[in-house]
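Down below is the structure, laid out as structure tokens.
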Amino acid sequence: MIEHFVFTFTLKYPKLIKRILWPLLIVFTMMNVIAYFQAYRFTHFSSRDEEKTKDGRQLSSGEKIKTLLFGIKNPRPENRKLPERPFDRITLKSNKEISCWLMRTDSSAKGTVILCHGYSGEKSSMLDRAYLFLDAGYNVLLFDFMGSGGSEGVQTTLGFHEAKQVKTVYDYLWQKGERKFILMGTSMGAVAIMKAQQDYQFKGCSLILECPFGRMLKTVKARFSNLHVPSFPMSELLVFWGGAQNQFNAFEHNPEKYACKINCPVLLMIGEQDEKVSMEETQIIDTNLKGPKTLVTYPLAGHENYLNQYKYQWYTEVLKFLKH
């Protein structure tokens with residue numbers, strides 16, 4: 001019935017059909033071109049000399065339009081400082097060559113903490129946490145994900161291919177005789193840990209996860225919301241092209257689902273003012289986790305380093321978690 005109507009309408013009004021279809025086709029093509037370049041800029045870091053795009057709330061209307069058309073400027077992250085305590089430099093071969101710093105506690109180590117930085121971050125951004133873990137009696141290994149710091153490439157996949165790099169670091173320490181691990185990550189680093197734990201089921205692990213996003217599509221939609229512009233259909237196109245360019249199905253990059261396969265102890269943290277990860281996403285992850293778990297929220301914190309406002313509370317919660 002519907003097919004017959006469409007066929008009849010097409011025969012009767014061919015010029016009208018062309019007037020409608022051609023503009024729609026042109027618009028759809030342009031949207032895909034924009035999404036392709038947006039996705040590339042989001043997943044490939046640019047020259048370190050380029051100025052990073054400001055937060056959406058700080059952009060003028062013209063800057064927002066330019067950002068929507070041409071994508072964000074995201075210079076390749078570089079380590080801003082070296083550790084203030086003794087460390088060893090280690091280079092490991094994973095799906096990319098990755099650069100690591102291994103720091104040892106002065107006392108007999110209670111285990112080793114693997115620290116994983118967030119999107120557009122680098123291992124030096126995790127040094128404040130590293131010192132606290134060292135003082136608590138743990139060895140610490142920090143590393144740059146691919147595309148950052150001393151590691152290979154300019155590419156990021158927001159935790160998907162980075163999960164393999166988490167495994168490489170874990171395997172290196174396991175081969176050195178370590179049997180007790182704390183995997184701690186923030187944002188993208190937390191997501192990479194979750195995917196790695198789902199995929200490889202590491203032994204002897206506890207996880208500390210700061211503000212992991214719930215699904216890839218949700219986190220892209222949140223960035224449009226921060227610019228105060230509609231997300232449909234550009235967010236869907238961005239996710240499609242981001243996955244296609246980086247050889248993975250980005251629609252299936254789903255930490256809410258990864259949580260269902262995680263049985264080890266987890267400390268999950270979120271800032272209640274987080275503009276990129278919702279409380280709803282965090283609660284879904286918390287519900288889906290299968291092992292012992294603790295959810296901690298920070299009322300005034302956004303998508304940021306919780307040590308900025310809540311250092312004492314953060315350290316207290318971490319120590320309490322590690323005692324179990």
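The values are calculated or read from the model by the stated rules, or taken from the named source; none is laboratory data. Since the structure is predicted, the reported quantities are computational estimates derived from the model, not experimental observations. Reconstructed Cβ throughout: ideal geometry from the backbone, glycine too, with neighbour counts over all protein chains shown.
Considering only residues that are crowded, with 19+ Cβ neighbours inside 10 Å and of a type in the set (S, T, N, Q), which ones fall in region 253-276?
Result: Asn254, single match.
Select, from Glu275, Glu317, the only residue that is part of a loop (DSSP other than H, G, I, E, B), touching a Ser or Thr at 6+ places or on another chain (Cβ under 9 Å) and not aliphatic (A, V, I, L, M).
That would be Glu275, the only listed residue that is part of a loop (DSSP other than H, G, I, E, B), touching a Ser or Thr at 6+ places or on another chain (Cβ under 9 Å) and not aliphatic (A, V, I, L, M).
If you check Phe232 against the conditions, is it surrounded by fewer than 18 Cβ atoms within 10 Å (Cβ to Cβ), free of Cβ contacts under 8 Å to residues at least 24 places away in the same chain and either out of contact with any strand residue (DSSP E or B) (no Cβ under 9 Å at 6 or more places or on another chain) or over 18 Å from Ile285 (Cβ atoms) (or both)?
Criteria met by Phe232.
Taking only region 164-217 into account, find how many residues are free of Cβ contacts under 8 Å to residues at least 60 places away in the same chain and within 19 Å of Asp274 (Cβ to Cβ).
2
Being surrounded by fewer than 15 Cβ atoms within 10 Å (Cβ to Cβ), closer than 30 Å to Phe37 by Cβ, modelled with pLDDT of 95 or more and of a type outside the set (Ser, Thr, Tyr) narrows it down to one of Ala250, Ala244, so name that one.
Result: Ala244 is the single residue among Ala250, Ala244 that is surrounded by fewer than 15 Cβ atoms within 10 Å (Cβ to Cβ), closer than 30 Å to Phe37 by Cβ, modelled with pLDDT of 95 or more and of a type outside the set (Ser, Thr, Tyr).
Which numbered condition trips up Glu281, out of (1) farther than 30 Å from Gly147 by Cα; (2) touching a Gly at 6+ places or on another chain (Cβ under 8 Å); (3) charged (D, E, K, R)?
(1)
So if I check each of Val239, Val191, Val229, which one is part of a helix (DSSP H, G or I), more than 22 Å from Gly291 (Cβ to Cβ) and β-branched (Val, Ile, Thr)?
Selected residue: Val239, the only one of Val239, Val191, Val229 that is part of a helix (DSSP H, G or I), more than 22 Å from Gly291 (Cβ to Cβ) and β-branched (Val, Ile, Thr).
Here is a yes/no grid of residues against (1) charged (D, E, K, R); (2) more than 18 Å from the chain's Cα centre (by Cα); (3) in the same structural domain as Ala192 (by TED's automatic domain parsing); (4) within 20 Å of Asp199 (Cα to Cα):
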residue: Asn263; (1), (2), (3), (4): no, yes, yes, yes
residue: Leu268; (1), (2), (3), (4): no, no, yes, yes
residue: Gly271; (1), (2), (3), (4): no, no, yes, no
residue: Lys276; (1), (2), (3), (4): yes, no, yes, no
residue: Glu281; (1), (2), (3), (4): yes, no, yes, no
residue: Lys293; (1), (2), (3), (4): yes, yes, yes, yes
residue: Thr297; (1), (2), (3), (4): no, yes, yes, no
residue: Tyr306; (1), (2), (3), (4): no, no, yes, no
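Failed condition for Asp128, given (1) touching a residue at least 60 places away in the same chain (Cβ under 8 Å); (2) closer than 22 Å to Lys203 by Cβ; (3) surrounded by fewer than 21 Cβ atoms within 10 Å (Cβ to Cβ), with all others met?
All conditions pass for Asp128, except number (2).
Could you list, in sequence order, all residues of region 62-84 that are within 27 Å of Phe321 (Cβ to Cβ) and buried (at least 16 other Cβ atoms within 10 Å of the Cβ)?
Pro83, the sole residue that qualifies.
Considering only residues of region 85-109 that are of a type outside the set (D, E, K, R) and loosely packed, with under 11 Cβ neighbours inside 10 Å, which is nearest to Ala163 (Cα to Cα)?
Pro86
Give the residues of region 166-216 that are buried (at least 24 other Cβ atoms within 10 Å of the Cβ) and over 25 Å from Gln283 (Cβ atoms), sorted by residue number.
If the condition is that a residue be buried (at least 24 other Cβ atoms within 10 Å of the Cβ) and over 25 Å from Gln283 (Cβ atoms), then Val169, Tyr170 are the ones that fit.
Within 23 Å of Asn249 (Cβ to Cβ), polar (S, T, N, Q) and either touching a strand residue (DSSP E or B) at 6+ places or on another chain (Cβ under 8 Å) or not assigned by TED's automatic domain parsing to the domain that holds Thr316 (or both) - does that describe any residue in region 199-214?
Taking every residue of region 199-214 in turn, none turns out to be within 23 Å of Asn249 (Cβ to Cβ), polar (S, T, N, Q) and either touching a strand residue (DSSP E or B) at 6+ places or on another chain (Cβ under 8 Å) or not assigned by TED's automatic domain parsing to the domain that holds Thr316 (or both).
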